[in-house]
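Engineer: Here you go, one structure.
Since every read-out is calculated from the coordinates, none of them should be taken as a lab result. The shown structure was predicted, so the numbers you read here are calculated from the model rather than taken from an experiment. In this analysis, Cβ positions are derived from the backbone assuming ideal geometry, glycine residues included, and neighbour counts consider all displayed protein chains.
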Amino acid sequence: MKHRRGFNPLERSSAHRKALHRNMVTSLFRYERIKTTKAKALEIRRSAEKLITRAKVDSVHNRRIVSSRLFDAGIVAKLFTNIAVRMKERPGGYTRILKLGERYGDAAEIVILELVDYHLDIEKAEKKAKKERKAAAKKTAN
């Protein structure tokens, strides 16, 4: 039974678990979308949402607390200047989990953990493909 268990230890030692959280939250803030297992995503979501809530108020104290959890100064700056500003009006629920199915090897459930305001760059990809087609057509014409 899972009574009075505050978090999922993910079958890791505390140092390994802290490193896992730090690395995955950093990746989430860097790419704004990561693919991982459901159990990890549920735990990382808790850490990420607490950091975003902390970053919504830009103070020296909050920057120091966030910097103690994330060791990449560039990501800390991005969190305070970009991500937290976009989430300013939102009272919580900054991330979403999209189910992808099961992994082939061990049947672990795979999900995408992303920030709520994440948008695919479909328009940019379409413009790039159009530009490449034009360049290819120019080469064949010459």
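Engineer: Scan region 4-18 and give yes if some residue there is out of contact with any helix residue (DSSP H, G or I) (no Cβ under 6 Å at 6 or more places or on another chain) and closer than 21 Å to VAL116 by Cβ, otherwise no.
Structural biologist: Looking through region 4-18, none of the residues is out of contact with any helix residue (DSSP H, G or I) (no Cβ under 6 Å at 6 or more places or on another chain) and closer than 21 Å to VAL116 by Cβ.
Engineer: How about region 34-49: which of its residues are of a type in the set (A, V, I, L, M, F, W, C), closer than 19 Å to GLU102 by Cβ and buried (at least 17 other Cβ atoms within 10 Å of the Cβ)? Outline the logic, then answer.
Structural biologist: Going through region 34-49, the residues of a type in the set (A, V, I, L, M, F, W, C) turn out to be 34, 39, 41-42, 44, 48.
Next, from what is left, pick out any that are closer than 19 Å to GLU102 by Cβ: 34, 39, 41-42.
Of everything in region 34-49, those that are of a type in the set (A, V, I, L, M, F, W, C), closer than 19 Å to GLU102 by Cβ and buried (at least 17 other Cβ atoms within 10 Å of the Cβ) turn out to be ILE34, ALA41.
Engineer: OK, next. Restricting to region 50-63, name every residue that is without any contact (Cβ under 8 Å) to a residue 24 or more places away in the chain and either exposed (fewer than 12 other Cβ atoms within 10 Å of the Cβ) or among the hydrophobic types (A, V, I, L, M, F, W, C) (or both).
Structural biologist: Initial filter on region 50-63 (without any contact (Cβ under 8 Å) to a residue 24 or more places away in the chain): 50, 54, 57, 59-63.
Selection gives VAL57, SER59, VAL60, HIS61.
Engineer: Regarding LYS138, is this residue more than 27 Å from ALA19 (Cα to Cα) and surrounded by 11 or more Cβ atoms within 10 Å (Cβ to Cβ)? Talk me through it step by step, then tell me what you get.
Structural biologist: Numbers: more than 27 Å from ALA19 (Cα to Cα): yes; surrounded by 11 or more Cβ atoms within 10 Å (Cβ to Cβ): no.
No, not satisfied.
Engineer: OK, next. Looking only at region 24-41, count every residue that is within 13 Å of THR95 (Cβ to Cβ) and touching a Gly at 6+ places or on another chain (Cβ under 9 Å) and tell me the total.
Structural biologist: Matching residues across region 24-41 total 0.
Engineer: Out of everything in region 98-118 that is closer than 16 Å to THR26 by Cα and either of a type in the set (A, V, I, L, M) or without any contact (Cβ under 8 Å) to a residue 12 or more places away in the chain (or both), what residue ends up being surrounded by the most Cβ atoms within 10 Å (Cβ to Cβ)?
Structural biologist: LEU113
Engineer: Select from region 14-33 the residues that are aromatic (Phe, Trp, Tyr) and either touching a Phe, Trp or Tyr at 6+ places or on another chain (Cβ under 7 Å) or loosely packed, with under 13 Cβ neighbours inside 10 Å (or both) and list them in ascending order.
Structural biologist: Step one: list which residues in region 14-33 are aromatic (Phe, Trp, Tyr), which gives 29, 31.
The answer is TYR31, and nothing else.
Engineer: Looking only at region 83-97, which residues are within 17 Å of the chain's Cα centre (by Cα) and loosely packed, with under 12 Cβ neighbours inside 10 Å?
Structural biologist: Correct list: GLY92, GLY93.
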